[in-house]
Amino acid sequence: MWKYTFKRLTISIFTIFTILLILFMMLELMPGTPFNDEKLTEKQKAIVEEKYGLDDPVLVRFGNYIKLMTKGDFGVSYSIKKNMPIAKMLKPRIKVTVSIGIQAVLLGTFIGVILGIIASLNHNTWLDNLASVISVCGVSIPSYVFALGLAYLLGYKMRLFPILFDPSNASRSSVMPTIALSMFTIATVARFLRSEMLDVLGSDYILLAKSKGINENRLIVRHGLRNALIPVITVLGPLVVSLMTGSLVVEKIFAIPGLGSLFVTAIQVNDYNVVIAVAFIFSVLFIAVMLAVDILYGIIDPRIRLAEDGER
């Protein structure tokens with residue numbers, strides 16, 4: 001298992017550096033510069049670009065950025081907050097985005113698992129049809145539509161929660177964004193778990209366990225749910241990252257000061273350092289979650305651990 005983990009870590013590090021290089025090349029091809037100020041003359045723009053090293057070749061700038069990044073220095077902002085260290089800008093935003101994302105993942109997974117179990121145990125009944133309708137709606141309707149509906153109903157009409165995010169009351173302010181972001185997770189988990197549970201409950205070893213008189217609740221949880229969760233975890237990996245990084249539109253709707261809104265703003269004003277820093281964080285989160293998913297495989301399914309031991 002250690003050998004496998006080390007191999008995945010090596011591949012992950014190489015992937016991150018490759019992503020950074022691609023981002024640099026893509027930003028280089030984008031029109032404009034971080035200093036698209038009409039008040040600056042061409043000579044003044046050249047002086048500013050020389051100050052920040054933007055007149056150096058792309059590979060030279062990439063190498064310098066990598067050296068600074070290994071020390072935790074993402075550079076400074078060119079446009080959004082001039083000369084402010086990006087690490088200082090990201091710190092409060094990461095906390096907000098990750099906290100709302102984790103809440104959405106936990107809520108979506110919990111409700112999705114319950115819906116999936118109910119639908120599979122009541123196959124071809126009204127409960128199964130209701131769970132299927134919820135799943136279809138959750139997958140088909142974008143999260144920003146749910147966000148607008150919640151903002152109108154719970155925020156404007158019923159005044160239960162603040163529409164705009166209030167850092168001084170983050171717990172109440174995060175309720176509606178959490179629900180809006182969790183809908184896709186609820187639908188996806190419920191749909192996959194229902195399908196997998198139906199296959200598992202109809203398998204030979206489950207029928208054999210039933211014939212031996214094993215308690216039905218124990219059979220569902222210990223044997224059925226445990227085996228059905230493996231493909232669900234595969235789906236949850238990318239979902240966790242997408243929710244932890246936050247929906248860009250949902251953050252805009254509720255005025256959440258998170259990474260998503262900063263990312264959009266940085267792209268609009270060509271703030272290269274901020275774009276690359278946020279994209280780097282997204283990449284690290286994605287790779288870390290996928291690595292955690294692989295480790296969870298071995299915990300849930302002993303056959304994977306045995307296969308790894310057999311390769312040594």
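Coordinate-derived values only; no laboratory data. Just so we're clear, the structure is a prediction, and the values are computed from it rather than from any experiment. Cβ placement follows ideal geometry from the backbone for every residue including glycine, while neighbour counts extend to all protein chains displayed.
Quick one: of LYS81/LYS157; LYS67/LYS91; LYS43/LYS81, which pairs are farther than 29 Å apart, Cα to Cα? Walk me through the numbers on the way to the answer.
Values: LYS81/LYS157 36 Å; LYS67/LYS91 21 Å; LYS43/LYS81 23 Å.
With Cα atoms farther than 29 Å apart: LYS81/LYS157.
Set the Förster radius R0 to 30 Å, insert the Cβ-Cβ distance between THR10 and LYS71 as r into 1/(1 + (r/R0)^6), and round the FRET efficiency to 0.05. Walk me through the numbers on the way to the answer.
Values: r = 21 Å, r/R0 = 0.71.
For R0 = 30 Å, the calculated efficiency reads 0.90.
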- Query: If R0 is 22 Å, what FRET efficiency do you get for PHE17 and LYS91 from their C-beta distance, rounded to 0.05?
  - Reply: 0.40
